[in-house]
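Data block below; observations after.
The values are calculated or read from the model by the stated rules, or taken from the named source; none is laboratory data. Computed from a prediction, not measured in an experiment: that's the story for all the values here. Please note: Cβ atoms are built from the backbone with ideal geometry, for glycine as well, and neighbour counts cover all protein chains shown.
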Amino acid sequence: MTTQRQLVVVGNGMVGQRLVEAVRQRDPERRWRITVLGEEPRPAYDRVALTSYLTGTTEAELGLVPDGCYDGDSELVLGEAVTRIDRDARVVETSAGRVVPYDALVLATGSRPFVPPVPGADLDGCFVYRTIDDLDAIRDRAGHVASGVVIGGGLLGLEAANALLSLGLSASVVEFAPRLMPAQVDQGGGEVLRRKVEELGLAARLDTATERIAAVDGGLRMSFADGSSLDTGLVVFSAGIRPRDELARAAGLAVGERGGIVVDEACRTSDPSIWAIGECALAGGRVYGLVAPGYEMAEVVADRLLGGDAAFLEADMSTKLKLLGVDVASFGDAHAATADALEVVYADPVGGVYKKLVVTDDASRLLGGVLVGDASAYAALRTMVGQPLTDTPEKLLLAGPSTSDLGDDAQVCSCQNVSAGAIRSAIHDEGCADVASIKACTRAGTVCGSCVPLLKTLLTQSGVEANPALCEHFDVGRAELFDIVRVTGLRTFSEIIARHGRGRGCDICKPAIASILASLGSGHILDGEQAALQDTNDAFLANIQRNGTYSVVPRVPGGELTPEGLIAIGEVARDFGLYSKITGGQRIDLLGARVEQLPAIWKRLVDAGFESGHAYGKALRTVKSCVGSTWCRYGVQDSTSLAIMLELRYRGLRAPHKIKAGVSGCARECAEARSKDVGVIASENGWNLYVGGNGGFRPRHAELFASDLSDAELVRLVDRFLMFYVRTADRLQRTAAWIEALTEEHGDGLAYLHRVLVEDELGVCADLEAAMDRHAGSYTDEWAAVLDDEEKLSRFVSFVNAPEAPDPSIRFVTERGQIRPADGAPVVAGPTLEVVRR
Amino acid sequence: MTVLDVRAWTVVCRFDRLLPERGVAALVGGEQVAIFRTHDGALFALANRDPFSDAYVLSRGIVGSRGAVPTVASPMHKQVFSLVTGECLDEPGVAVPVYEVRVRDGDVEVAVP
Ligand SMILES: Cc1cc2nc3c(=O)[nH]c(=O)nc-3n(C[C@H](O)[C@H](O)[C@H](O)COP(=O)(O)OP(=O)(O)OC[C@H]3O[C@@H](n4cnc5c(N)ncnc54)[C@H](O)[C@@H]3O)c2cc1C
């Protein structure tokens, strides 16, 4: 047996620990004996998630050292700092006087927070934000004071400020630069970020230099360069980090001018038996303040120690994070540093969205970009950096890129450095059929997860059946479940889940099954066990609003309303103090109703001849229309009558998602029918039917499905289309997405629908029509039924022990003569902050 | 030695008033409590306030299970909470208070400290 060699690691932080695991994985014969010397009193923990320690995550939960990681061939010494390296004797000395010899030495000492030389920075009440001990000290102090200030408005500063908010302090951020997150975003993005952050309750002072901190009665006084001052209970410095290179410096190893231990591609220092990795290393002239490049360095050194030749070249510094609920991403050359680079900017300060792409001067290649407020296109855009543009920059900005032309060498996962080609080969050669197996096989998507949507797209494009499982309770998708329920005749959730699923269901499968049961005609949606399946909207037959009140929308078929009807709605709104607004679907929306008011409101509406508008349901919502040939001098058909007929036929139809329809009386299209799932436009000879349109997040025009139809032909075709959609679409899939999915499965989705629904290739048309006839024939108004049922009515109470008492948390203020929810405490997306996992 | 039960129990409703796998809200000593009955007849009580939206709506969420844990999903943005511990299972570090709840002589009683 060969003798073991001795590896010494200085620092048991995130990267040092990763090195130990990487060596162990590659060294089953135990050629290396490992000693780790760590200065902190505890084993390595997840510093990236440090902030969650303040909101309840325990030290043990943050721990990164797996059980059994240190055994006979390796040891971990904690609470002992290395104080000296003796390169001649090849030993290190520790603060406890221990002398440890090494054959290879790895420095993984990380960095320390930079505290600017401000007088008073060392006073009691001034902190840094790096270790569990720091957070313990901050938490102690926060118990006695009311406010805190963070110096530094970068990524970490904002995270620390949010932590102060979560400790119940009022918090502000003082930043020297003219914008927040100066390293990641540009001025425009910083402005959107500042507005958003201030909305969330954090004060930001930009362009501000702190000159002095002094102790005053019960706290600290900060004085600024502009002569102003601010009193506060505690100060946290978050003004950048400095590599901990002092050991290396004292041992005569090369260090950078601005700090950092100089290493080569192998992560080797100027002494061939000493390596440096993580935040203490200066690699390629650069110190990386993120964990992913550190992990990569650890892998490189582990490989080298075992005879490999891996190299650390350059790491992607793209970042995407959710800061106080605001998406922020930057990638590539975000600051347009490349010569002659062009910037294409889209800014919507009111909506809180800012997007910028940096492209080459001829707009042929993407160089980088900044996204604030909406970072949905981040994963796909990032992979395109350096690649030829697939579309005009404006289109890429607004719609995001399409992924079909992703080259094999495009980097999909930058945390684990996995290319599109590697993922395609995992799918084709390794048989990975879902995201989980791609993760296991390539490690893509395992660190920050921002590329998971791309993994899904690559799976779909590869024609691999995506796992259809609805949720953890059912292994089948909605369409299959629909068939199971239809064919087996099972009509209760308990039976269905007992026979075909497991557990007790969730907010995904329960509403899906409720919808399936409703589509199959199983009585009132609040009958028996069905009551427990409904989402809150269906459970209270109204739409929940952000303050827990509900909106009420009576059906107004085709948008046609008598003066008496209009007056009745107005009186209800007035008598119950509801906010009234006209909707895009030609209805009147009444908002601000409390649960216990809903029955009385609906009693009045039903008495006035109204019925439920199903605005709360995944169901037919509206059939919008213009006045058509009855009044309009251009109209060629009676669009209003047709719209009313369609709305009355399909009202109450429960579907995988909401369904909207529109009927226009001529080609001028005033009813905007082509933005609907079902759009009907009059022609000289009848009706043209369009399908698969929607507005919303990704607007789509409906496409022509059949022309010059009579009323009867039209209704039959819409019957078939809607019922086929109800039976076969996925949960929460609008018709447009359903048709896209059909395209993936059958080639041209619209042509496929034509074969099935017009040519009756599958022989299902008669059945679809019969099902729709049953639906139309058995329709009853859901609200009228509730009003006739004492038991159901008894659920519409605010409190079971005080049925009439209004929820005291619901408060309104008046705006333009009507109520609106009073703004309460700032809403933070979550007390913990997801940060810069790249 | 006698151990005194110092918790104050408040009767909120009859057990039969609770639908299986749905919640109700109750006002107990100024606190809003969400009380849930699971399919096996067990009772759970959490604070009614959804910490993500700040609205008092958890009682109106869908009751289900994740693994072996009985859960409720906020009706606002669907974060799932354990009925047993009040912890949010989707967002580590977030939790809502849990209260003791019991049935005595057919009455549902809640203890709010
Ligand atoms: C609050 C916070 C949030 C963050 N969020 C993110 C994020 O979202 N994404 C991201 O990529 N990065 C994030 N980071 C940065 C990330 O934590 C670091 O990049 C990572 O921890 C670097 O690992 P390291 O091992 O190099 O350094 P460290 O984790 O700092 O470990 C170095 C260890 O070495 C010890 N040490 C130093 N000198 C000696 C000595 N002489 N003898 C013995 N031991 C010594 C130190 O005490 C320390 O325990 C965050 C950092 C903080 C503080």
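Summary of values
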{"quantity": "Residues being in contact (Cβ under 8 Å) with a residue 24 or more places away in the chain and either aromatic (Phe, Trp, Tyr) or assigned to a helix (DSSP H, G or I) (or both) - total across segment A:115-146", "calculated": "9"}
{"quantity": "Verdict on B:Val63 being buried (at least 18 other Cβ atoms within 10 Å of the Cβ), in contact with a Pro (Cβ under 6 Å, 6 or more places away or on another chain), within 10 Å of chain A (Cβ to nearest Cβ) and free of Cβ contacts under 8 Å to residues at least 60 places away in the same chain", "calculated": "no"}
{"quantity": "Tally, over segment A:196-212, of residues that are in contact (Cβ under 8 Å) with a residue 60 or more places away in the chain and out of contact with any Pro (no Cβ under 7 Å at 6 or more places or on another chain)", "calculated": "6"}
{"quantity": "Of the criteria (1) in a loop (DSSP other than H, G, I, E, B); (2) at pLDDT 95 or above, which one A:Phe697 fails", "calculated": "(2)"}
{"quantity": "Inter-residue pairs, beta-carbon under 6 Å, first touching a residue at least 60 places away in the same chain (Cβ under 8 Å) and in segment A:596-613, second part of a helix (DSSP H, G or I) and of a type in the set (D, E, K, R), 6+ apart", "calculated": "A:Ser612/A:Glu782"}
{"quantity": "Residue in segment A:85-93 that is surrounded by 14 or more Cβ atoms within 10 Å (Cβ to Cβ), free of Cβ contacts under 8 Å to residues at least 40 places away in the same chain and more than 16 Å from A:Phe237 (Cβ to Cβ) present", "calculated": "yes"}
{"quantity": "Total residues in segment A:628-644, condition touching a Gly at 6+ places or on another chain (Cβ under 7 Å) and assigned to a helix (DSSP H, G or I)", "calculated": "6"}
{"quantity": "Among the residues listed as A:Leu247, A:Leu220, the single one being within 12 Å of the ligand (Cβ to nearest atom) and hydrophobic (A, V, I, L, M, F, W, C)", "calculated": "A:Leu247"}
{"quantity": "Filter result for A:Ala600 (closer than 29 Å to A:Gln818 by Cβ and buried (at least 17 other Cβ atoms within 10 Å of the Cβ))", "calculated": "no"}
{"quantity": "Segment A:790-818, residues that are more than 8 Å from every other protein chain (Cβ to nearest Cβ), farther than 17 Å from A:Ala600 by Cβ and surrounded by 15 or more Cβ atoms within 10 Å (Cβ to Cβ)", "calculated": "A:Phe812, A:Gln818"}
{"quantity": "Pair list, Cβ under 7 Å, 6 or more apart: segment A:58-70 residue under 27 Å from A:Trp32 (Cβ atoms) and touching a residue at least 12 places away in the same chain (Cβ under 8 Å), other residue crowded, with 16+ Cβ neighbours inside 10 Å and among the hydroxyl-bearing types (Ser, Thr, Tyr)", "calculated": "A:Gly63/A:Tyr45; A:Leu64/A:Tyr45"}
{"quantity": "Neighbours by Cβ (under 7 Å, 6+ apart or cross-chain): first from segment A:472-487, farther than 14 Å from A:Lys510 by Cα; second part of a loop (DSSP other than H, G, I, E, B) and among the charged types (D, E, K, R)", "calculated": "A:Ala479/A:Asp730"}
{"quantity": "Top-ranked residue in segment A:78-99 [being part of a loop (DSSP other than H, G, I, E, B) and of a type outside the set (Gly, Ala, Ser); ranked as nearest to A:Arg249 (Cα to Cα)]", "calculated": "A:Arg87"}
{"quantity": "Hey, A:Ile544 touching a strand residue (DSSP E or B) at 6+ places or on another chain (Cβ under 8 Å) and more than 14 Å from chain B (Cβ to nearest Cβ) or not", "calculated": "no"}
{"quantity": "Output for segment A:47-63, where each listed residue is within 11 Å of chain B (Cβ to nearest Cβ) and either more than 15 Å from the ligand (Cβ to nearest atom) or of a type in the set (D, E, K, R) (or both)", "calculated": "A:Gly56, A:Thr58, A:Glu61"}
{"quantity": "Index of the failed condition, A:Gly240 passing every other in (1) away from every other protein chain (no Cβ under 14 Å); (2) closer than 24 Å to A:Phe127 by Cα; (3) more than 12 Å from the ligand (Cβ to nearest atom)", "calculated": "(3)"}
{"quantity": "Odd one out for A:Ala44, checked against (1) over 16 Å from A:Gln17 (Cα atoms); (2) within 11 Å of the ligand (Cβ to nearest atom); (3) more than 14 Å from chain B (Cβ to nearest Cβ)", "calculated": "(1)"}
{"quantity": "Tally of residues being more than 8 Å from chain A (Cβ to nearest Cβ), in contact with a strand residue (DSSP E or B) (Cβ under 8 Å, 6 or more places away or on another chain) and either within 20 Å of B:Phe81 (Cα to Cα) or surrounded by 18 or more Cβ atoms within 10 Å (Cβ to Cβ) (or both) across segment B:19-60", "calculated": "16"}
{"quantity": "Selection status of A:Gly79, within 14 Å of the ligand (Cβ to nearest atom), assigned by TED's automatic domain parsing to the domain that holds A:Gln25 and without any contact (Cβ under 8 Å) to a residue 60 or more places away in the chain", "calculated": "yes"}
{"quantity": "Members of segment A:745-783 found to be closer than 10 Å to A:Arg720 by Cβ and among the charged types (D, E, K, R), listed by number", "calculated": "A:Asp760, A:Asp767, A:Glu769"}
{"quantity": "Selected residue [more than 24 Å from A:Val623 (Cβ to Cβ), touching a residue at least 24 places away in the same chain (Cβ under 8 Å) and either of a type outside the set (Asp, Glu) or assigned to a helix (DSSP H, G or I) (or both)] from A:Glu769, A:Glu744", "calculated": "A:Glu744"}
{"quantity": "Residue in segment A:167-175 that is within 16 Å of the ligand (Cβ to nearest atom) and not hydrophobic (A, V, I, L, M, F, W, C) present", "calculated": "no"}
{"quantity": "Residues of segment A:452-479 satisfying the condition of being at pLDDT 75 or above and hydrophobic (A, V, I, L, M, F, W, C)", "calculated": "A:Leu454, A:Leu455, A:Leu458, A:Leu459, A:Ala469, A:Leu470, A:Cys471, A:Phe474, A:Val476, A:Ala479"}
{"quantity": "Odd one out for A:Val149, checked against (1) outside any loop (DSSP other than H, G, I, E, B); (2) within 15 Å of the ligand (Cβ to nearest atom); (3) in contact (Cβ under 8 Å) with a residue 12 or more places away in the chain; (4) among the hydrophobic types (A, V, I, L, M, F, W, C)", "calculated": "(2)"}
{"quantity": "Residue list for segment B:9-18, restricted to those being within 9 Å of chain A (Cβ to nearest Cβ) and charged (D, E, K, R)", "calculated": "B:Arg17"}
{"quantity": "Residue within segment A:38-51 that is assigned by TED's automatic domain parsing to the domain that holds A:Ile261, in contact (Cβ under 8 Å) with a residue 24 or more places away in the chain, of a type in the set (A, V, I, L, M) and buried (at least 22 other Cβ atoms within 10 Å of the Cβ) present", "calculated": "yes"}
{"quantity": "Residue count, segment A:5-37 (criterion: more than 11 Å from the ligand (Cβ to nearest atom) and either within 39 Å of the chain's Cα centre (by Cα) or closer than 14 Å to A:Ala104 by Cβ (or both))", "calculated": "16"}
{"quantity": "Qualifying residue in segment A:790-799 (condition: small (Gly, Ala, Ser) and modelled with pLDDT under 90)", "calculated": "no"}
